[in-house]
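The values are calculated or read from the model by the stated rules, or taken from the named source; none is laboratory data. Please read these numbers as outputs of a predicted model, since none were measured by experiment. Here the Cβ positions follow ideal geometry from the backbone for every residue, glycine too, while neighbour counts run over all protein chains shown.
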Amino acid sequence: MSYDLIVIGGGPAGYVGAIRAAQLGKRVACVEKERAGGTCLNWGCIPTKSLLRNAELFHLMKHRAEEYGFKFASLDFDWGKVIQRSRAVADKNAAGIEYLFKKNKVDYVRGEGALDRAGEVTVKLADGQTRKLAAPKILLATGVVSRPLPGFPFNGTTVIGSREALVLASQPKDIIIIGAGAIGVEFAYFFNAFGTKVTLVEMMPNILPLEDTEASQALEKAFVRQGIKVLTGTKVVKAETGAGGVTITVEGNQVETLSAGLCLVAIGVQPLMPGGASLKLTPRGYLETDARYQTSLPGVYAAGDIIGPPLLAHTASYEAIQAVEGMFTQHVPKKVELFPSCTYSQPQVASVGLTERAAKEKGLKFRVGKFPFSASGKARAVGEVDGFVKLLFGEPHGELLGAHIVGAEATEMIAELGLALTLEATHEEIEASIHAHPTLSEAVHEATGQAFGTAIHL
């Protein structure tokens with residue numbers, strides 16, 4: 001069957017690219033091995049946020065109920081229902097994507113797609129049969145999979161990746177999490193909130209090592225207060241599995257042996273390549289693309305995690321739209337430059353633009369404005385006073401260079417600052433924008449003022 005575009009992969013890059021092409025009047029097929037939405041919707045972004053919401057509510061009621069005037073004779077949870085809710089949310093969202101395929105007349109092909117050559121795709125269907133598809137343009141969006149620790153492979157029982165962590169049949173008594181990026185940090189919060197003993201191991205000096213150092217340190221302090229054991233600047237030197245779980249030897253300030261029934265390896269990901277034709281790769285093993293997202297094979301394009309960092313759902317969707325519009329319109333595609341990063345633990349962490357560390361490395365002159373949520377009326381009213389808003393402004397013009405938020409609703413608040421960066425807003429323009437009172441976002445206004453000596457509530 002012939003199309004204008006075949007998309008291999010139905011995640012945030014694949015399904016968004018397919019729908020955008022259909023909106024442009026093109027005949028499109030989207031090939032997905034599992035369910036529409038890919039890893040993000042089914043095994044990543046969405047189900048983890050469902051679990052984290054459960055964890056947030058339970059932790060709040062367990063440890064802070066009296067603060068809000070509540071009393072419980074007893075408080076318990078049903079682990080199975082916690083997991084079940086997460087899967088139900090994912091299933092409903094996947095069904096939503098499948099509806100959008102129908103609405104936009106995208107042919108949704110369930111099977112494993114292989115790139116035979118430019119213009120040709122073979123799909124292995126669930127029943128073992130194959131189907132041939134043809135199109136002058138093909139978009140590869142097959143994403144990534146969890147990367148195992150060398151010499152310590154996933155076994156699905158005692159050594160797991162994030163996918164297995166989402167559907168554990170029972171709550172683990174204790175867990176070692178190797179890697180403190182967003183995935184490791186979010187699962188550390190989740191398991192700890194329900195009472196699992198958590199040890200978080202990170203090789204870099206700070207958890208969330210790509211974030212602003214001050215933000216990372218603030219989250220680490222919060223985690224320690226919550227009872228999570230955090231080992232930074234610590235590398236795994238030996239890892240073994242046994243009948244009772246895992247034994248991990250780590251080296252930081254000292255050599256230490258850790259034991260737990262379960263180990264979650266969250267040290268990163270590796271690209272999931274479609275079978276078939278060979279394509280040129282980057283030194284890190286991702287698909288290499290040109291300025292128009294075209295691979296080394298003419299007519300074959302790629303977007304999303306398969307082409308490398310930042311490995312985020314929202315940047316994947318952006319890339320797919322850029323690629324598709326570049327294929328079928330006069331639009332000149334853009335590469336990802338400015339994007340928000342979000343971590344959904346409690347407290348949340350969100351950022352956009354330069355970190356203070358990066359600004360210094362670039363030799364930029366800048367001012368820092370910071371406002372703690374402890375000085376916010378709304379934060380005190382809702383009982384969420386941990387964290388701060390930190391803003392970097394360039395000199396001499398006062399343009400916003402970077403924004404970093406730690407605290408409640410940080411992931412929602414960061415959008416305003418992303419827009420400010422896109423529009424090259426200055427501190428004067430941010431201060432001239434009236435923020436509603438009482439809101440957490442007032443902290444943005446106050447942090448701006450603090451950088452220039454005009455903050456009222458500090």
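General remarks:
- Unique residue being at pLDDT 95 or above, surrounded by fewer than 17 Cβ atoms within 10 Å (Cβ to Cβ) and under 27 Å from residue 243 (Cα atoms) when the list is 195, 184: 195
- Qualifying residue in region 150-169 (condition: closer than 20 Å to residue 316 by Cβ, in contact with a helix residue (DSSP H, G or I) (Cβ under 9 Å, 6 or more places away or on another chain) and assigned to a strand (DSSP E or B)): no
- Verdict on residue 343 being surrounded by 21 or more Cβ atoms within 10 Å (Cβ to Cβ) and closer than 30 Å to residue 192 by Cβ: yes
- Unique residue being β-branched (Val, Ile, Thr), closer than 21 Å to residue 79 by Cβ and at pLDDT 95 or above when the list is 158, 213: 158
- Residue satisfying condition, being among the β-branched types (Val, Ile, Thr), at pLDDT 95 or above and touching a strand residue (DSSP E or B) at 6+ places or on another chain (Cβ under 7 Å), within set 28, 16: 28
- Output for region 198-215, where each listed residue is crowded, with 24+ Cβ neighbours inside 10 Å, of a type in the set (D, E, K, R) and either touching a His at 6+ places or on another chain (Cβ under 7 Å) or farther than 23 Å from residue 238 by Cα (or both): 211, 212
- Counting only residues that are closer than 30 Å to residue 299 by Cα, in contact with a helix residue (DSSP H, G or I) (Cβ under 6 Å, 6 or more places away or on another chain) and either in a loop (DSSP other than H, G, I, E, B) or among the hydroxyl-bearing types (Ser, Thr, Tyr) (or both), region 79-104 holds 1 of them.
- Residues that are within 25 Å of residue 20 (Cα to Cα), over 19 Å from the mean Cα position of the chain (by Cα) and not basic (Lys, Arg) within region 127-172 comprise 133, 134, 135, 136, 138, 139, 140, listed in sequence order.
- The one condition in (1) farther than 30 Å from residue 357 by Cβ; (2) part of a loop (DSSP other than H, G, I, E, B); (3) aliphatic (A, V, I, L, M) that residue 246 fails to fulfil: (2)
- For first residues located in region 235-257 and at positive phi and touching a residue at least 12 places away in the same chain (Cβ under 8 Å), partners that are surrounded by 13 or more Cβ atoms within 10 Å (Cβ to Cβ) and not basic (Lys, Arg) and lie 6+ apart or on another chain with Cβ distances below 7 Å form the pairs 245/158; 245/259; 245/260; 245/261; 245/262.
- Only one of the listed residues (110, 53) is among the charged types (D, E, K, R), surrounded by fewer than 18 Cβ atoms within 10 Å (Cβ to Cβ), assigned to a strand (DSSP E or B) and assigned by TED's automatic domain parsing to the domain that holds residue 320. That residue is 110.
- Test: residue in region 308-326 that is surrounded by 19 or more Cβ atoms within 10 Å (Cβ to Cβ), at negative phi and outside any helix (DSSP H, G or I): yes
- Extreme residue, modelled with the highest pLDDT, among residues of region 249-283 that are farther than 29 Å from residue 310 by Cβ and part of a loop (DSSP other than H, G, I, E, B): 261
- Sub-8 Å Cβ pairs linking a first residue in region 14-29 that is of a type in the set (S, T, N, Q) to a second residue that is surrounded by fewer than 24 Cβ atoms within 10 Å (Cβ to Cβ), at least 6 apart or interchain, are 23/104, ordered by first then second residue.
- Considered as a group, the residues in region 119-143 that are modelled with pLDDT under 95 and among the aliphatic types (A, V, I, L, M) include one that is surrounded by the fewest Cβ atoms within 10 Å (Cβ to Cβ), and that residue is 126.
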